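*Asks:* Pasting a structure below so you can have a look.
The values are calculated or read from the model by the stated rules, or taken from the named source; none is laboratory data. Only a predicted model underlies this, so the values are computations on that prediction, with no experimental measurement involved. Heads up, the Cβs are rebuilt from the backbone with ideal geometry, glycines too, and the neighbour counts pull from every protein chain shown.
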Amino acid sequence: MIVVSQKNTTKYKAMGFVESLIAIILVGVASVILMRIAANTLLEGVQNERIDKMTQYAVEGSYMTEVIIQEMLAEGKNPVEELGLMGGGTNYLCFVPVVEDSSEFSFKKTGPGPDADYRKWSIPINNFGTYMADRENRANLGEHAGLVEETETRPRTDYFRIVCFTTINSMVGEKPPYLYTDIVVGHILSKGNITKRGNVKDYVHSTYITL
């Protein structure tokens, strides 16, 4: 017959308590790790969805821009003069492609009437990244170049889209063979310069239009 002393019983109980405590800690750590993995997976899913939307909007904007430019040409207009692209090649001139009520494409204007100027931004090429990362500038782009999405509850604007032309050295009446364009789509609340931790880098779709 083995007799277990009261001292040994207390020791065994203490060891059992420590083992239980360690088990609880391990379960807690594992839960935190799993929650982080789940959160990162969810965040990656949101980022991928945003990137897919931005890609779609950029390709759509490229098509809209080409149609707008070709319609100018069909009307006998020189797009370089019409859009005021004559310059030293140091700035981007950025416009907003939109769909009119008649389902026709055009660049957004500052107001109604044929004399209204185009809504545009002149951005130095060497300062483009800094300009686009500025929170106030992104809010302004969201206000004037925002893409309205219909949802089950209410319309919302999460993205902006602009088309940027490089100003070119051209004399009045001259028409270059091509116009190079960058369609820029950004998530308004993101910084625009990196895809990380909820931020999505601006999507830029570069192309050229034959004149």
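*Asks:* Go over the candidates F128, F160, F165 one by one and state the one that is in contact with a Pro (Cβ under 9 Å, 6 or more places away or on another chain) and of a type outside the set (G, A, S).
*Replies:* F165
*Asks:* So, one more: I want to confirm something. Restricting to the stretch 91-128 and keeping residues that are under 24 Å from the mean Cα position of the chain (by Cα) and assigned to a loop (DSSP other than H, G, I, E, B), which single residue is farthest from H144 (Cα to Cα)?
*Replies:* Applying the filter and picking the extreme gives E100.
*Asks:* Looking only at the stretch 158-194, which residues are of a type outside the set (A, V, I, L, M), over 10 Å from the mean Cα position of the chain (by Cα) and surrounded by 17 or more Cβ atoms within 10 Å (Cβ to Cβ)? Show your work before the answer.
*Replies:* Of the residues in the stretch 158-194, the ones of a type outside the set (A, V, I, L, M) are 158-161, 164-167, 169-170, 173-178, 180-182, 186-187, 190-193.
With the extra rule that they be over 10 Å from the mean Cα position of the chain (by Cα), the set shrinks to 164-167, 169-170, 173-178, 180-182.
Correct list: C164, F165, T167, T181, D182.
*Asks:* Spot the failing condition for E71; the list is (1) modelled with pLDDT under 90; (2) over 30 Å from N127 (Cβ atoms); (3) surrounded by 10 or more Cβ atoms within 10 Å (Cβ to Cβ), and only one is missed.
*Replies:* Answer for E71: the failing condition is (1).
*Asks:* Let me ask you something else. Could you tell me how many of the residues in the stretch 107-142 are within 19 Å of T166 (Cα to Cα) and not aromatic (F, W, Y)?
*Replies:* Total satisfying the criteria: 14.
*Asks:* Could you figure out which of (1) under 15 Å from M54 (Cα atoms); (2) touching a His at 6+ places or on another chain (Cβ under 9 Å); (3) touching a residue at least 40 places away in the same chain (Cβ under 8 Å) isn't true of G146?
*Replies:* (2)
*Asks:* Does at least one position in the stretch 139-154 carry a residue that is modelled with pLDDT of 80 or more and polar (S, T, N, Q)?
*Replies:* Within the stretch 139-154 (the criterion being modelled with pLDDT of 80 or more and polar (S, T, N, Q)), the answer is yes, since at least one residue qualifies.
*Asks:* So, in the stretch 105-143, of the ones that are among the charged types (D, E, K, R) and in contact with a strand residue (DSSP E or B) (Cβ under 8 Å, 6 or more places away or on another chain), which residue ends up surrounded by the fewest Cβ atoms within 10 Å (Cβ to Cβ)?
*Replies:* For the stretch 105-143, the residue satisfying everything is D117.
*Asks:* Would you be able to tell me the number of residues in the stretch 61-77 that are within 24 Å of the chain's Cα centre (by Cα) and free of Cβ contacts under 8 Å to residues at least 40 places away in the same chain?
*Replies:* 3
*Asks:* At pLDDT below 90 and closer than 21 Å to M64 by Cα - does that describe any residue in the stretch 120-129?
*Replies:* no
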